Amino acid sequence: MKKFLAVVLGLFVLFAVAALGEGIDLSRMTLDELVELNQKIETEIYARVNTDSKDMIYPGEYIAGVDIKPGQYEFHCTEAEAVDQQGYIGIARISDKGREEAVSWSYYISAGDIFMFTLDEGMLLGINYCSGILQPADRNWAPE
């Protein structure tokens with residue numbers, strides 16, 4: 001009886017390992033599913049490679065020249081916290097009259113998205129319902 005149970009258990013483990021070893025069948029996935037999977041993989045790889053916590057930026061308002069250096073940046077969204085899994089990133093150029101006269105650009109952003117932008121002295125960067133990695137943009141392709 002013990003041998004029989006050992007054989008059954010051995011066969012069960014063998015088939016379980018074989019079933020798990022097959023991996024993901026990409027050919028059965030739709031294009032939207034493949035794109036979503038690709039974004040998740042890229043985000044996870046990026047987060048693992050760039051683990052320096054000083055590059056993380058969290059929800060809040062940041063003034064260029066006060067809280068953050070003016071410059072060109074890439075924001076890699078690693079987490080979106082809103083119900084629809086989207087965060088919000090905005091950039092505003094504040095006029096002499098203050099925030100009431102601000103010219104702003106805002107965007108919805110999801111985990112895995114990359115957003116490139118330029119902050120000039122005194123501009124406002126607003127991040128809501130998301131966090132991610134903020135690094136200087138590698139724009140060696142741009143003219144000087």
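Considering only residues in the range 54-76 that are charged (D, E, K, R) and modelled with pLDDT of 90 or more, the one that is farthest from Ser131 (Cα to Cα) turns out to be Lys69.
Conditions (1) part of a loop (DSSP other than H, G, I, E, B); (2) modelled with pLDDT of 90 or more, marked per residue:
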position: Thr78; (1), (2): no, no
position: Tyr88; (1), (2): no, no
position: Glu100; (1), (2): no, no
position: Val103; (1), (2): no, no
position: Tyr107; (1), (2): no, no
position: Gly112; (1), (2): yes, no
position: Leu125; (1), (2): no, yes
position: Asp138; (1), (2): yes, no
position: Trp141; (1), (2): yes, no
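The values are calculated or read from the model by the stated rules, or taken from the named source; none is laboratory data. Here the structure is a predicted model, which is why all the values come from computation and not from measurement.
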